[in-house]
1. Kindly provide the set of residues from the range 66-122 that are farther than 16 Å from residue 366 by Cβ and either of a type in the set (Ser, Thr, Tyr) or not assigned by TED's automatic domain parsing to the domain that holds residue 362 (or both), ordered by number.
2. Return the only residue of 175, 154, 163 being crowded, with 16+ Cβ neighbours inside 10 Å, within 30 Å of residue 358 (Cβ to Cβ) and of a type in the set (A, V, I, L, M, F, W, C).
3. Find the residue count for the range 236-256, including only residues that are surrounded by fewer than 20 Cβ atoms within 10 Å (Cβ to Cβ) and either closer than 23 Å to residue 339 by Cα or in contact (Cβ under 8 Å) with a residue 40 or more places away in the chain (or both).
4. Quick test of your reading of the structure: residue 316 fulfils all but one of (1) over 28 Å from residue 389 (Cβ atoms); (2) in contact with a Leu (Cβ under 8 Å, 6 or more places away or on another chain). Name the failing condition by number.
5. Scan the range 358-389 for residues that are farther than 24 Å from residue 27 by Cβ and touching a helix residue (DSSP H, G or I) at 6+ places or on another chain (Cβ under 6 Å) and jot them down.
Amino acid sequence: MKFAIIKERKNPPDRRVVFSPDKLQEAQKQFPEATFVVEPSDIRIFSDQQYRDAGFEVTDNLEDCDVFLGVKEVPVSALVPHKKYCFFSHTIKKQPYNRALLQAILERRIQLYDHEVITKASGGRLIGFGRYAGLVGAYNGIRAWGLRYNSFELPKAEDLPDLKALQAALDTIRLPKIKICLTGSGKVAKGAQEILDYMGIKRVNVDTYIGEHFNEAVYCMIDVLDYNKRKDGSEGDKYAFYKDPSPYVSDFMRFAEVTDFFIAGHFYGDGAPYLYTREDVKKPNFAIKVVADVSCDIDGPVATTIRPSTIAAPLYGYDPDSEQEVAFDAPKAVTVMAVDNLPCELPKDASEGFGEMFLKHVIPAFYNNDEQGILQRALMTHNGQLTPRYAYLQDYVDGLE
C-alpha cells in the first residue's frame, strides 16, 4: 500500500502535517511493506528537504498512491477520484460551507476516512489536536490578560518555535491574584490545565473557589454537573445529562460571580443549557473580565463569543450593554480570545503529537484487517454512497438541509 503525505491547500495556510519526518521514519520501520511519499509544500512546518534527508521521495506525482493523508479539508479541485483519503472534512455536523466537498467526494467515488470519527468502539476519539488547542488557548488567554491590563507582554504563540519556547515565555511573567475557571474534562481542558500547572497556579475545589479569597492566582477545573443543575433540585447524573440535558439548567453564574479569567474548554452538546447568556453578562455581579473560548461555539453557550477571532487578530471586546463588538481593552468590555484554529499556532508540536496517535491507532488498521473496526467506523463514503453509519447526511448532500 502506498501512502501520500499531501500538501495542505486550505486558506488561510495550515502548516501542520499528519507525519513529521521522524515519525514517518518510525512508520516505515514498523510497516516495511508500506511505501510513503511526500507531496512538495512550501508552507509545511517541516521542509521538503527534511523529508528527503529522512529517506523519503518528495514528488508531485501521486497517481499510483492508494491513501492520501492530510489535515484540513482538501479543495474540490484537488480531489483525485477513486482514492482513499484521511482528513478533517468538517461535514459530520452538516456544515453548509462543506456540502459541495462531500458531494464531490461522492461523485468521484472517494473513500473518506474522517479524522474526527476515528474512534474507539465506545465512541471516544483516538486522534486529534485537542491538547494543542487547550495549550495555545490558555496561553493566548493569559497573553490577553497582560494586554488588557497593560501588566505584561507575551509573544504570540505563532512566533514561537515550539512548546518549550512557549513555556519559557511564561517563565518571565507572574499573574496577579486572580481566579481562573476552566470548564471541561477532555483533551482540550487538560491541555489548558497543563499550562496552568506549568505556571504553578494553585488548583482549588469548587467550594473553596466560590467561597474564599486568595493572595495568589488560583484555578478551579469544573465539569458539567458543577455548572449545570437539575430543574427539580434532585441530584444530577453526568451520563444522564449527556443523553438528555433537557431536565437541567445552567448553574454557571455562581462561578461567573467570582471569576476573573474564564477558559472554555468544554464540549457543548446540542440541547444543553447555555453557560451564560447576554442577559447574564449585563448583571452587575458578572465578574469575568477575560474569556479564552477554546471551544468557540458562536452565539452559543458562551454569550460573549459573537464571532471567531483569528491568529492574526486574536482579541476583541464584547460590550455587555450594546451586545456589540468593541475594542478588546474598552473600559466595560469583556476581552474575548476565540481563535478557532489554535493548534495551527504550534504546528511542530501539534504535528508530532498527531503523528504519534495516527501511527499507533490508524496505520496498523490498514494491515491487521481493521481488527478493532477503527477504519470501518471512520469510513463515511464508499462506492459513491454514504456508508450506513453516515446515512443521516443524505438530506444534507441532496441540499434538503
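The values are calculated or read from the model by the stated rules, or taken from the named source; none is laboratory data. The model shown is predicted, which means the values in this text are computed figures rather than measured ones. Every residue, glycine among them, receives a Cβ derived from its backbone with ideal geometry; neighbour counts consider all protein chains shown.
1. If the condition is that a residue be farther than 16 Å from residue 366 by Cβ and either of a type in the set (Ser, Thr, Tyr) or not assigned by TED's automatic domain parsing to the domain that holds residue 362 (or both), then 77, 89, 91, 97, 119, 122 are the ones that fit.
2. After ruling out the rest, the residue left standing is 163.
3. 1
4. Looking at each condition in turn, residue 316 falls short on (2).
5. Within the range 358-389, 381, 384, 386 meet the criteria.
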